[in-house]
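Reviewing the structure listed below.
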Amino acid sequence: MLDRRSLPLLRSVPSRRERTSTLAARLGIVWMLERLPRRPCLLIFNYHRIADGRDDPYDPGLIEATPDQFDEQMRILKKHYDLTELAEAQELVDHPERLRHCRVLVTLDDGYRDNHDVAFPILRSHGITAAFFLATGFVGTNRIPWWDQVAYLVRRTEKQILRIGYPSDRIFTLDDSSRLSVIDALLSLYKSNETNDSERFLAGVEEACGVARPREASDRLFMSWEEAGTLVKGGMSIGSHTHDHELLAKLSPEQQLRQCQLSRETISQELGLTVDAFAYPVGSRGSFSEVTRRCLRETGYRTAFSYYGGVNTCSEAISNFDVNRVPVAGPADASLFRLRTALAVVTARDLW
């Protein structure tokens, strides 16, 4: 019998936004938007994983596109927009007055193996230079990060009720239809200011699910340093994403400094690169602080990217240590991606 808990938790029914974008495409609205004058702006899309998710037992929320969808999205960007690369984007952040028209940058966080195996060949086939932000403590290892541990436990448990005692008592009702929402709720709880002891939280989820928490994957989840080197040789850019992907704002100043410094040093040792671009883990407004910015300056970073949405414009000051990126909500069809992108560059706002 097929175990439904092993199946991907990806949406198969079109959402209202997808239905709206399909209608807009059929009516020619997207076509017209793509030909309207564009605001001078820097639009940065961010991905984590490119996969079909069929045999993946981990966090399905990180799969923003299937290989076919990513290929189509890159085709759209290459055909309709002026693409830039990381170094040029940093120059535009430093000198926003030079932002005379719309530029688009593609970034990928974490350093999952599929970034090299799947995303890289697709990017190269379209002649697109993307930036890959690596959590260096995971590169070349079989480590399983905290978000994938939580997702694995929820997807494998046979419990119908989960009782969590830390950081406070909570009860989650679990069935196949609610499994994804429970994963999202638990991950939000992990990231919240309530949770100060991450190990205690993960142990509590493990106990509630009655499933052994996976510490290492049988097959490597993240790219190796050799594969990262292949990206560099292929013209891609590399940035830092800390060493252990901890929420920096929850760490002491000394711990934050160490995470920023160690990641930069490791990339230098392994790839021979001096990186000065950084992407905040989680990337929400509460995931970094002024202390974090100070640590980045002290360790030689020039630019840091957030992940809560927004388009960077020359009419508003662009913070070097809070450059906006747009999450790619997915997996989404091509018409939705086209509509969202067209609206963003015409309005210079992330309206989606």
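Structural remarks
- The range 21-101: relative contact order in percent, alpha carbon pairs under 8 Å with at least 6 residues between: 30
- Projecting the Cα atoms of THR299, ALA212, GLY309 onto the charge dipole of the range 194-340, computed from C-beta unit charges around the Cα centre, puts GLY309 farthest toward the positive end.
- Sequence-distant residues sharing a close amide H with SER240 (under 5 Å, placed H): LEU134, ALA277, PHE278, ALA279
- In this structure the amide hydrogen of ILE44, modeled in the peptide plane, comes within under 5 Å of the amide hydrogens of LEU105, ASN312, VAL326, none closer than 5 places in sequence on its chain.
- Placed amide H near THR141: partners under 5 Å, 5+ positions off or other chain: PHE222
- Whole-percent carbon and sulfur share, accessible surface of the range 38-158, 1.4 Å: 42
- Of all accessible heavy-atom area on the range 223-352, the percent that carbon and sulfur account for (1.4 Å): 47
- Separation of the range 134-195 from the range 268-284 is 26 Å, based on Cα centroids.
- Under conditions of 20 °C and 1.002 mPa s, the range 188-282 yields 137 µm² s⁻¹ as its translational diffusion coefficient, taking Rh as the Kirkwood radius over Cα pairs in the Stokes-Einstein equation.
- Every helix of 4 or more DSSP H residues in the chain counts as -39500 (n - 2.57), and over all residues that averages to -11500 deg cm²/dmol at 222 nm.
- Accessible surface, per residue, of the chain when the full set of protein chains is kept, probe 1.4 Å, Å²: 45
- Mean-square fluctuations from a GNM of the chain, with a 10 angstrom spring cutoff on Cα atoms, peak among SER306, SER319, SER177 at SER177.
- In order along the range 93-105, phi translates into HN-Hα couplings of 5, 5, 10, x, 5, 7, 7, 8, 8, 7, 10, 10, 10 Hz, rounded to whole numbers, per the Karplus curve 6.51 cos²θ - 1.76 cosθ + 1.60 with θ = phi - 60° and x for Gly and Pro.
- Estimated dipole of the chain in Debye, rounded to 20 [Cβ of Lys and Arg +1, of Asp and Glu -1, Cα centre]: 1080
- The alpha-carbon of LYS233 sits under 29 angstrom from the alpha-carbons of these lysines, leaving out residues fewer than 8 places away in its chain: LYS78, LYS79.
- Percentage, to the nearest whole number, of Cα pairs in the chain over 27 Å apart: 48
- Longest exposed-site-free window of the chain, the sites being GluC sites (Glu not before Pro) in a DSSP loop that have at most 16 other C-beta atoms within 10 Å: 1-157
- Reachable lysines, given that their alpha-carbon falls under 16 Å from the alpha-carbon of LYS191 and they are not under 8 places away in the same chain: LYS250
The values are calculated or read from the model by the stated rules, or taken from the named source; none is laboratory data. Everything numeric in this text was worked out from a predicted model, so none of it was measured. Methodologically, a virtual Cβ is constructed for each residue, glycine included, from the backbone with ideal geometry; neighbour enumeration extends over all protein chains shown. Calculation scope for accessible area: heavy atoms of the full protein, side chains included, ligands and nucleic acids excluded. Shrake-Rupley method; radii C 1.70, N 1.55, O 1.52, S 1.80 Å.
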